[in-house]
Amino acid sequence: MSTPVTLNVGGHLYTTSLSTLQRYPDSMLGAMFRGDFPTTRDSQGNYFIDRDGTLFRYILNFLRTSELTLPLDFTETDLLRKEADFYQIEPLIQCLNDPKPLYPPDIFEQVVELSSTRKLSKYSNPVAVIITQLTITTKVHGLLEGISNNFTKWNKHMMDTRDCQVSFTFGPCDYHQEVSLRVHLMDYIMKQGFTIRNTRVHHM
C-alpha cells in the first residue's frame, strides 16, 4: 500500500498517496517526491507548496484519474492552466490547451421531454390540476431535487420516479396560474442546462 502524504497547498490541506503524486515522473511533483530538490514543511510537518490551494483539487484529481473533470460553471481555466504549467504536468497542460470542449458531450445533450395533463378538479370547476411528467434522457437527480425545492408553493406532489421518468402534480390552479407555472417551470429547466422538446398539452 502506497504511503499517505499530506500537503499544505496555500493553506489547504490535501492527503493523498505517494504513488499518486509520482504518477508523472517528469512533473514537478514527481521530481519533488523523488528527492531531486529540497522541500519545505509547515509547522505541523506537512509538505508546503505556496500555490493556489483551491485549484489544487483539480490538479490532484487529475493525478488520481488522468481525467480532467470541471464543474459546468467553472470560469478559472486560465488560472488552472498556470497551475498545471507550474506543476509541469504535461498531459494536463495538453487537456487545457485542447480546443475541444472540456466537458463530456452528453452534458450538452441532456433533453427534457415535458408533457402535461390538464384535468378538472373534483373540488371546483373549472379549476385545473396540472400533472407534469418529465422524461429525462440522462438521469439527473439534481434537476429533480431542484424542482422539488423551488416549486413547493404550487402544492406539488412527486408521483412516479420509475426509470428516468418523474411525474409531479401541481395545483389546483386556474388557467392563468397554469400558464405562469409552465413558463416558470420551463425557464427553470432550461437554466439548469437542459433543452426541452416534444412539449404537449392534453386536456381531459
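Every number here is computed from the coordinates shown, using simple stated rules; none is lab data. Predicted model, so just to flag it, every value in this text is computed and none were measured. Please note: Cβ atoms are built from the backbone with ideal geometry, for glycine as well, and neighbour counts cover all protein chains shown.
In nanometres, what is the gap between the two model label sites at Asn97 and Ser66, each 7 Å from Cα along Cα-to-Cβ?
Reported label-point gap for Asn97 and Ser66 is 2.0 nm.
In terms of the Cα gyration tensor, with a ≥ b ≥ c the square roots of its eigenvalues, is the stretch 43-98 rounded because a/c is under 1.5, prolate because a/b exceeds b/c, or oblate? Numbers along the way, then the final one.
Numbers: a/c = 1.79, a/b = 1.63, b/c = 1.10.
In terms of gyration-tensor shape, prolate.
On a full-extension model of 0.36 nm per residue, what is the gain between Ser19 and Asp187, subtracting their alpha-carbon distance, rounded to one decimal in nm? Display every interim value, and only then the final one.
Numbers: separation 168, 0.36 × 168 = 60.48 nm, distance 4.67 nm.
Answer, rounded to one decimal: 55.8 nm.
Test of understanding: what is the full-extension gain from Glu76 to Asp36, defined as 0.36 nm times their sequence separation minus their Cα-Cα distance?
On the way: separation 40, 0.36 × 40 = 14.40 nm, distance 3.07 nm.
Extending this stretch completely gives an extra 11.3 nm.
To two decimal places, what compactness ratio does the stretch 12-73 give when its Cα radius of gyration is scaled by 2.2 N^0.38 Å?
Details: Rg = 12.4 Å, N = 62, 2.2 N^0.38 = 10.6 Å.
Dividing the Cα radius of gyration by 2.2 N^0.38 Å gives 1.18.
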